[in-house]
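What follows is one structure encoded as structure tokens, with my remarks underneath.
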Amino acid sequence: MKLFANLKRALYVLFTPQICLIWAVSLWLMLTSNHALFSHILNLYPWNAENAGFIISLSLFFTFSITWWLMLLSHGKSARWVLAVIVLSAAWAAFYMDEFGVIIDHVMLDNAVKTDAREVMGLLSWGFFIKMLLLGVIPALVLIKAVPARFFVRDALSIRLKQIGLLMLGMVLVVIPCSADYATFIREHKLVRMYANPTFFHYSLVKWASKKVFTRSITGLQKTAVDAVNVGEPRHHELIIMVVGETARFDRFSLNGYHRLTNPRLSKETVLSFKQVTSCGTSTAVSVPCMFSLLTRKQYDEEKALHMENALDVLQAHGVSVLWRDNNSDSKGVALRVPYEDFKSPIHNPVCSDNECRDIGMLSGLDKFVAKNKDKDILIVLHQMGNHGPEYYRRYPDEFKRFTPVCKTGRLSECTQEEIDNSYDNAILYTDYFLSEVIQFLKKYDDQRETAMLYVSDHGESLGEHGIYLHAAPYMIAPQQQTHVPAILWLGQHFDYQLSQVTPYENYPLSHDDVFCTLLTAYELKSEVCHAEFSWLAQNRELIEEQRKHLIPQPGQAAIPAN
């Protein structure tokens, strides 16, 4: 009886009302906010006699880890508010992980912060509000209203530390019997662990905040390619349009072998579609500034890129008239020092309806810009809305609804795979039309200028493969649907290179890393920073020599691999 009494007293001391409340919140989070986690676990380890022990072990481990984390965060008068915010944020994260299969990492959080009002509206739905109300708002209000302000003040630190110690011991004990399974799980299924909510979400939040708050401040603007010189012979001024695509997949272009005719117009033009292009990131916020930066994908850092001159700065410094027109969120810091025009509203864009402005509107008034800069080289960057999801059906006018039926909602899980594919492919069809119109615009100046169009998408998109939708997956584990992007080149008759000279290299690997030096090469600028053996068009160091000798580059001399 005495042993029983002592055990009862020990349990009462260790499991105080405060501790029990934390356990209750932890269990609530496990049951309501980790559907994506366990869906992936059960996909890898179907429930059967062989896997049951490991699945139970994983369930206990994640429950203990959440409880351990809540023990560390919730103290004193603020504890009930902390728990309420955690419940709310976990419900928010759970909705997007369940709905789209995305991972809430620091890049995704950065995207969320930078998302404009129009994009936010596209991601909202009645399902979102219902889930937030039932799993987030109501439980949070219960915590705030039902828990007294001083409830956690009476919580003894010694008891909390003992609980934390017991939880750590518990995590060790549940791992030991299944250590071999855990070794495989940790080594081969990192993606699954990233769905743990709210622990990985909080880890990502801390990582994102630390990058924003504690990153070393870099003063001034670092000069780039300071040795760049123009080594070309004056013949015609350049007029180049670079189209930055949005969320376009390589494998959905019929130019690249897709079974549907999604490029009926471009297939009638003399264009080159590069087949092995990889993106710098899996989100616009990373890929767009990275592709114009001298930094490679492995070197890229947002803070560094913002404080370095990019390709547009270098070109402008050498007399090129640069214009950025944007029908997307913004230039992500690329066009801060060059003329910028916002085409997301009818103020500039004449082709708008139903709160959606079309990419084709960005060609409006460009003749005036060319005329104004008749004695200068010109670079025009057009940043598309393209295939921005999840509301793909909004990205094209009705006359481009060739593939039916289409998904008419942002909740892709409510649509069939056929409907998702159809709406996405229709948007690719509209990009085909837009790019063909860009070429028609350039053809008007083909007798007067060295004209060219380069189209490169910022990243790809997952359309339900392995239960994943949209993009912004961590790059190291991102599926190729998000990193393999289309790139299309059209060259006018007076451009330094003919398309036939570049065609032999359409299957060479290239990436966003090569854009910086390719742009310098296109404007006949030579710089030692372009030290890579090859650029997209030709060897940077031998550009003019080959041009003057009228040499056709041979394989091994003018390829296009990534830096």
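Read-outs throughout are calculated quantities, based only on the coordinates presented, and are distinct from any laboratory measurement. Since we're looking at a predicted model, the values are computed, not measured. Cβ: placed from backbone, ideal geometry, glycine included. Neighbour counts: every protein chain shown.
Structure above, values below:
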quantity: Where trypsin sites (Lys or Arg not before Pro) fall in DSSP loop in the stretch 393-481, at most 11 other Cβ within 10 Å; calculated: none
quantity: Mean Cα-pair separation over length for the stretch 2-213, i.e. relative contact order, pairs under 8 Å, 6 or more apart, %; calculated: 38
quantity: Candidate aspartates and glutamates - alpha carbon under 15 Å from K372, same-chain residues fewer than 8 apart omitted; calculated: E238
quantity: Residues with amide H under 5 Å from that of S321, placed H, sequence gap 5 or more; calculated: D377, I378, L379
quantity: For the stretch 236-549, share of DSSP beta bridges that run antiparallel, in % to the nearest 5; calculated: 35
quantity: Exposed-site-free run, longest, the chain (rule: GluC sites (Glu not before Pro); DSSP loop; at most 14 other C-beta within 10 Å); calculated: 51-527
quantity: Relative contact order (%) - criterion: Cα under 8 Å, at least six apart; region: the chain; calculated: 19
quantity: Positive dipole terminus of the stretch 2-213, leading residue within T32, F129, V85 (C-beta point charges); calculated: V85
quantity: Projected-area average for the chain over all orientations - Cα convex hull basis, square nanometres; calculated: 30.7
quantity: Cβ-defined net charge surrounding P139, 13 Å radius [Lys, Arg +1; Asp, Glu -1]; calculated: +3
quantity: Where no second cysteine Cβ lies under 4.7 Å, the cysteines concerned in the chain; calculated: C20, C178
quantity: Under 24 Å from the Cα of K145 - lysines, other chains or at least 8 residues apart; calculated: K77, K131
quantity: Exposure proxy ranking, count of Cβ atoms within 10 Å, fewest first, for H318, H388, H471; calculated: H318, H388, H471
quantity: Charge dipole (debye, nearest 20) of the stretch 2-213; +1 at Cβ of Lys and Arg, -1 at Cβ of Asp and Glu; calculated: 1060
quantity: Cβ-based charge dipole, the chain, positive-most Cα from F400, P339, P479; calculated: P479
quantity: DSSP-defined beta bridges in the chain - what % are antiparallel, rounded to 5; calculated: 35
quantity: Gain in span if fully extended, S78 to K374, counting 0.36 nm per residue against the direct Cα distance; calculated: 100.1 nm
quantity: Sites L261 and D354, calculated FRET efficiency, Cβ-Cβ separation with R0 45 Å, nearest 0.05; calculated: 0.95
quantity: Local net charge near Y523, Cβ-Cβ under 9 Å (Lys/Arg +1, Asp/Glu -1); calculated: -3
quantity: Nonlocal amide H pairs with M308, under 5 Å, H built at 1.01 Å; calculated: Q222
quantity: Which of I144, I104 has the fewest Cβ neighbours within 10 Å, and the rest in rising order; calculated: I144, I104
quantity: Electrostatic dipole magnitude of the chain [Cβ: Lys, Arg +1; Asp, Glu -1; Cα centre; debye, to 20]; calculated: 2780
quantity: Karplus-derived 3J(HN,Hα), 6.51/-1.76/1.60, for each residue of the stretch 30-45, Hz, glycine and proline x; calculated: 4, 7, 10, 10, 10, 4, 4, 4, 6, 5, 6, 4, 5, 5, 7, 10
quantity: For the stretch 236-549: relative contact order, % (alpha-carbon pairs under 8 angstrom, 6 or more apart); calculated: 31
quantity: Listed residue (L141, I66, V107) projecting farthest to the positive dipole end of the stretch 2-213, Cβ model; calculated: L141
quantity: For the stretch 236-549, size of Cβ-based charge dipole, Lys and Arg +1, Asp and Glu -1, in debye; calculated: 340
